[in-house]
C-alpha cells in the first residue's frame, strides 16, 4: 500500500503514462507540493464526484475553500517544481506513471493524504489485445490520418513498439471526451475493454 497526496480537480482525468502540468496557487496545495518534494511523496490528480460543503481550513491566513470528493481511481507519481513565482505560486508537473485505487484517507487537513493500492489490469488475452490495438491504429490512420499528422505519429517506431496495455491508455489523447467518459476508461480493468471502448467511439463518429 502506498501513501499519496491527492489533488482533486473537477473535470481532470489523468491517465497513466502522462505528464500533467499544474499551476498551484492555493496555500494548502503549495504546502502540499513542497512537502511532497522534500519527502519524496507521490502526488495524484483526481477527477471529482461532487463538491462537498465549503469548509474553513486554517492554512496560513484562513480562507474559505471548497472541498471536492475525489473519484476512487486516479493516476499519480512524482512531482517536479518547474518555477516558483515571487508571490509563492508554482508551476509544477506530475509524472502520472501509475494508476491507483483509493483505500482510505489518512489526513484531510491541510491537504489530503490517502492510502492507495496500485491498480493492475486483470489477466487478458495478449494476442487479442494486440489485434485490437492494430485495428484501432489502422482505423485512426485511415479516418484522421491527414489531420494533425496523425498517420506519421502512429507510424513512428515509438508507437509501433507500444504494448497494447500502454496504447489502450495513450490512444485516448486523440479524442476529446467528457471527463466522466475518460474516468470510465481509467477504471476499466483490461486493455481489451479500453480498446473496445475506443473502437465503439470510432463507430459512433465515423
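Quick note: the coordinates plus some simple rules give every number you see, no bench work behind them. A quick note: this is a predicted structure, and the numbers were derived from the prediction, not measured. Here the Cβ is made from the backbone with ideal geometry for all residues, glycine too, and neighbour counts use every protein chain on show.
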key: Simple label model, 7 Å out from Cα along Cβ direction - residue 2 to residue 72, nm   = 1.9 nm
note = Expected max-MSF residue from 150, 182, 132 in the GNM of the chain (alpha carbon, under 10 Å) is 150
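Would you calculate a helix-derived [θ] at 222 nm for the chain, using -39,500 (n - 2.57) for each DSSP H run of n ≥ 4 and dividing by the full residue count, to the nearest 500?
Working: 7 runs with 73 residues, N = 206.
So the calculated ellipticity at 222 nm is -10500 deg cm²/dmol.
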remark   = Among 130, 26, 152, the residue with the largest mean-square fluctuation in a Gaussian network model of the chain built from Cα contacts under 10 Å is 152
ask   = Once both labels are modelled 7 Å past Cα along the beta-carbon direction, what's the residue 91-residue 25 spacing in nm?
value = 1.5 nm
remark   = the chain, Gaussian network, Cα under 10 Å: of 88, 11, 76, the residue fluctuating most is 88
Cα centroid separation, the stretch 131-185 to the stretch 73-113 (Å) = 27 Å
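Given R₀ = 35 Å, what would the calculated FRET efficiency be for residue 166 paired with residue 203, taking r from the Cβ atoms and rounding to 0.05?
Details: r = 23 Å, r/R0 = 0.66.
Computed FRET efficiency for residue 166 and residue 203 comes out at 0.95.
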request  = Would you please classify the overall shape of the chain from the alpha carbon gyration tensor, given that a ≥ b ≥ c denote the square roots of the eigenvalues, rounded means a/c under 1.5, and beyond that prolate means a/b larger than b/c while oblate covers the rest?
outcome  = prolate
inquiry  = On C-alpha positions alone, give me the angle between the axis of helix 27-39 and the longest principal axis of the chain, in degrees, nearest 10.
reply    = 70 degrees
remark   = For residue 174 and residue 9, extending 7 Å from Cα along the Cα-Cβ vector and measuring point to point gives, in nm, a value of 2.5 nm
message = Please list, in order, the residues from the stretch 18-37 whose amide nitrogen is less than 15 Å from a point placed 7 Å along the Cα→Cβ vector of residue 84.
response = 24-37
task = Give the Rg (one decimal place) followed by the Dmax (whole number) of the stretch 118-188, computed from C-alpha coordinates and expressed in Å.
result = 12.9, 38
